[in-house]
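The values are calculated or read from the model by the stated rules, or taken from the named source; none is laboratory data. Bear in mind the structure is a predicted one, so any value in this text is a computation, not a measurement. Glycine also receives a Cβ, built like all others from the backbone with ideal geometry; neighbour counts cover every protein chain displayed.
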Amino acid sequence: MLDLFLLAFLVICAIAAVRVRDLLAAIVFLTIYSLIMTVVWMRLNSVDVAFTEASVGAGITGILLIAALSRIKREEDHPRRSLLASVPHLLAVLSVTAALLYGTVDMPAFGDPNAPTNLHVIPRYLEHSVRECGVTNFVTAILAAYRGYDTLGETMVIFTAGICVIMLLRQIRKDS
(Lines give C-alpha, C1' and ligand atoms only; values in the text may rest on other atoms or scores of the structure.)
Protein backbone atom coordinates (compact mmCIF):
# COMPACT_ATOMS: atom_id res chain seq x y z
CA MET A 1 0.00 0.00 0.00
CA LEU A 2 2.86 2.37 0.80
CA ASP A 3 4.37 1.73 -2.63
CA LEU A 4 1.11 2.71 -4.35
CA PHE A 5 0.96 5.87 -2.25
CA LEU A 6 4.54 6.74 -3.23
CA LEU A 7 3.78 6.08 -6.91
CA ALA A 8 0.68 8.28 -6.75
CA PHE A 9 2.65 11.04 -5.02
CA LEU A 10 5.37 10.82 -7.70
CA VAL A 11 2.79 11.18 -10.47
CA ILE A 12 1.17 14.15 -8.70
CA CYS A 13 4.55 15.87 -8.25
CA ALA A 14 5.49 15.28 -11.89
CA ILE A 15 2.20 16.66 -13.20
CA ALA A 16 2.37 19.63 -10.83
CA ALA A 17 5.96 20.43 -11.89
CA VAL A 18 4.91 20.51 -15.54
CA ARG A 19 1.62 22.38 -15.07
CA VAL A 20 2.60 25.11 -12.60
CA ARG A 21 3.42 28.52 -14.08
CA ASP A 22 5.77 29.69 -11.32
CA LEU A 23 9.24 28.29 -12.01
CA LEU A 24 10.25 28.31 -8.33
CA ALA A 25 7.22 26.16 -7.52
CA ALA A 26 8.25 23.80 -10.35
CA ILE A 27 11.72 23.49 -8.82
CA VAL A 28 10.17 22.73 -5.44
CA PHE A 29 7.96 20.03 -6.97
CA LEU A 30 10.97 18.48 -8.75
CA THR A 31 12.95 18.49 -5.50
CA ILE A 32 10.06 16.81 -3.69
CA TYR A 33 9.91 14.28 -6.53
CA SER A 34 13.61 13.47 -6.01
CA LEU A 35 13.15 13.10 -2.28
CA ILE A 36 10.24 10.69 -2.80
CA MET A 37 12.38 8.77 -5.32
CA THR A 38 15.00 8.51 -2.58
CA VAL A 39 12.42 6.79 -0.39
CA VAL A 40 11.47 4.49 -3.28
CA TRP A 41 15.12 3.49 -3.81
CA MET A 42 15.46 2.83 -0.08
CA ARG A 43 12.36 0.60 -0.18
CA LEU A 44 14.01 -1.31 -3.02
CA ASN A 45 17.12 -1.81 -0.81
CA SER A 46 19.28 0.22 -3.15
CA VAL A 47 20.97 2.49 -0.65
CA ASP A 48 23.73 3.66 -3.00
CA VAL A 49 21.23 4.81 -5.65
CA ALA A 50 19.07 6.42 -2.93
CA PHE A 51 22.09 8.34 -1.63
CA THR A 52 22.93 9.53 -5.16
CA GLU A 53 19.31 10.54 -5.79
CA ALA A 54 19.19 12.54 -2.56
CA SER A 55 22.50 14.31 -3.10
CA VAL A 56 22.32 14.92 -6.85
CA GLY A 57 18.59 14.91 -7.59
CA ALA A 58 17.35 16.86 -4.61
CA GLY A 59 20.52 18.65 -3.54
CA ILE A 60 22.83 19.79 -6.31
CA THR A 61 20.17 19.93 -9.03
CA GLY A 62 17.86 22.02 -6.84
CA ILE A 63 20.68 24.44 -6.04
CA LEU A 64 21.67 24.74 -9.73
CA LEU A 65 18.07 25.32 -10.80
CA ILE A 66 17.53 27.99 -8.16
CA ALA A 67 20.81 29.65 -9.20
CA ALA A 68 19.64 29.65 -12.81
CA LEU A 69 16.22 30.96 -11.75
CA SER A 70 17.85 33.91 -10.02
CA ARG A 71 18.97 35.11 -13.47
CA ILE A 72 15.60 34.84 -15.24
CA LYS A 73 11.94 35.71 -14.70
CA ARG A 74 9.91 33.44 -12.41
CA GLU A 75 6.71 33.38 -14.47
CA GLU A 76 6.08 32.15 -18.00
CA ASP A 77 5.25 34.89 -20.50
CA HIS A 78 3.42 32.91 -23.15
CA PRO A 79 -0.18 31.78 -22.66
CA ARG A 80 -0.95 28.12 -22.08
CA ARG A 81 -1.90 25.96 -25.04
CA SER A 82 -5.29 24.34 -25.16
CA LEU A 83 -5.74 20.78 -23.98
CA LEU A 84 -6.43 19.72 -27.56
CA ALA A 85 -2.92 20.83 -28.56
CA SER A 86 -1.51 18.49 -25.88
CA VAL A 87 -3.14 15.36 -27.33
CA PRO A 88 -0.14 14.37 -29.54
CA HIS A 89 2.18 14.70 -26.55
CA LEU A 90 -0.16 12.63 -24.42
CA LEU A 91 -0.30 9.94 -27.11
CA ALA A 92 3.50 9.86 -27.30
CA VAL A 93 3.79 9.50 -23.53
CA LEU A 94 1.15 6.76 -23.44
CA SER A 95 2.88 4.90 -26.29
CA VAL A 96 6.24 4.95 -24.50
CA THR A 97 4.54 3.91 -21.26
CA ALA A 98 2.84 0.99 -23.01
CA ALA A 99 6.14 -0.11 -24.58
CA LEU A 100 7.92 0.03 -21.20
CA LEU A 101 5.14 -1.91 -19.49
CA TYR A 102 5.19 -4.51 -22.26
CA GLY A 103 8.95 -4.86 -21.76
CA THR A 104 8.48 -5.70 -18.09
CA VAL A 105 5.93 -8.49 -18.61
CA ASP A 106 8.47 -11.31 -18.66
CA MET A 107 10.72 -9.95 -15.93
CA PRO A 108 11.16 -12.15 -12.86
CA ALA A 109 9.26 -11.20 -9.72
CA PHE A 110 10.97 -8.73 -7.39
CA GLY A 111 13.22 -10.62 -4.97
CA ASP A 112 12.84 -13.94 -6.82
CA PRO A 113 15.79 -16.11 -5.69
CA ASN A 114 15.68 -17.99 -9.02
CA ALA A 115 16.07 -14.85 -11.14
CA PRO A 116 19.06 -15.01 -13.54
CA THR A 117 20.76 -12.18 -11.70
CA ASN A 118 20.64 -14.08 -8.42
CA LEU A 119 21.74 -17.36 -10.00
CA HIS A 120 24.58 -16.16 -12.23
CA VAL A 121 25.68 -12.55 -11.83
CA ILE A 122 25.71 -12.05 -8.06
CA PRO A 123 27.51 -15.34 -7.25
CA ARG A 124 30.18 -14.50 -9.81
CA TYR A 125 30.76 -11.06 -8.31
CA LEU A 126 30.91 -12.49 -4.80
CA GLU A 127 33.36 -15.25 -5.77
CA HIS A 128 35.71 -13.33 -8.06
CA SER A 129 35.61 -9.63 -7.12
CA VAL A 130 38.37 -9.75 -4.50
CA ARG A 131 40.72 -11.64 -6.84
CA GLU A 132 39.85 -9.65 -9.99
CA CYS A 133 39.57 -6.17 -8.47
CA GLY A 134 41.62 -6.33 -5.30
CA VAL A 135 38.79 -4.67 -3.36
CA THR A 136 37.09 -6.34 -0.40
CA ASN A 137 33.95 -4.17 -0.53
CA PHE A 138 31.64 -5.74 -3.13
CA VAL A 139 29.66 -2.56 -3.84
CA THR A 140 32.86 -0.64 -4.53
CA ALA A 141 34.13 -3.45 -6.75
CA ILE A 142 30.91 -3.50 -8.77
CA LEU A 143 30.67 0.29 -9.17
CA ALA A 144 34.35 0.98 -9.78
CA ALA A 145 35.49 -2.11 -11.69
CA TYR A 146 32.66 -4.06 -13.26
CA ARG A 147 30.54 -0.99 -13.99
CA GLY A 148 33.41 1.46 -14.21
CA TYR A 149 32.57 2.84 -17.64
CA ASP A 150 28.92 3.23 -16.69
CA THR A 151 29.87 5.11 -13.52
CA LEU A 152 32.35 7.24 -15.49
CA GLY A 153 29.62 8.05 -18.01
CA GLU A 154 27.20 9.09 -15.26
CA THR A 155 29.88 11.26 -13.67
CA MET A 156 30.64 12.90 -17.03
CA VAL A 157 26.96 13.70 -17.60
CA ILE A 158 26.68 15.38 -14.20
CA PHE A 159 29.97 17.24 -14.71
CA THR A 160 28.94 18.41 -18.20
CA ALA A 161 25.55 19.60 -16.94
CA GLY A 162 27.24 21.57 -14.15
CA ILE A 163 29.71 23.19 -16.57
CA CYS A 164 26.86 24.10 -18.94
CA VAL A 165 24.88 25.76 -16.14
CA ILE A 166 27.97 27.71 -15.06
CA MET A 167 28.59 28.84 -18.65
CA LEU A 168 24.96 29.90 -19.07
CA LEU A 169 24.97 31.85 -15.81
CA ARG A 170 28.19 33.63 -16.76
CA GLN A 171 26.82 34.47 -20.21
CA ILE A 172 23.69 36.01 -18.69
CA ARG A 173 25.79 38.03 -16.22
CA LYS A 174 27.97 39.42 -19.06
CA ASP A 175 24.91 40.39 -21.11
CA SER A 176 23.24 42.23 -18.21
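Conditions tested, residue by residue: (1) in the same structural domain as residue 63 (by TED's automatic domain parsing); (2) farther than 17 Å from residue 56 by Cβ; (3) loosely packed, with under 12 Cβ neighbours inside 10 Å.
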| residue | (1), (2), (3) |
| --- | --- |
| 120 | no, yes, yes |
| 123 | no, yes, yes |
| 127 | no, yes, yes |
| 133 | no, yes, no |
| 141 | no, yes, no |
| 150 | no, no, yes |
| 154 | no, no, no |
| 161 | no, no, no |
| 165 | no, no, no |
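Suppose we filter 122, 142 for residues that are β-branched (Val, Ile, Thr) and touching a Phe, Trp or Tyr at 6+ places or on another chain (Cβ under 8 Å); which single one remains?
Details: 122 fails: touching a Phe, Trp or Tyr at 6+ places or on another chain (Cβ under 8 Å).
Matching residue, one of 122, 142: 142.
Of the residues that sit in the range 38-78 and are farther than 19 Å from residue 28 by Cβ and among the charged types (D, E, K, R), which one is modelled with the lowest pLDDT?
My answer is 77.
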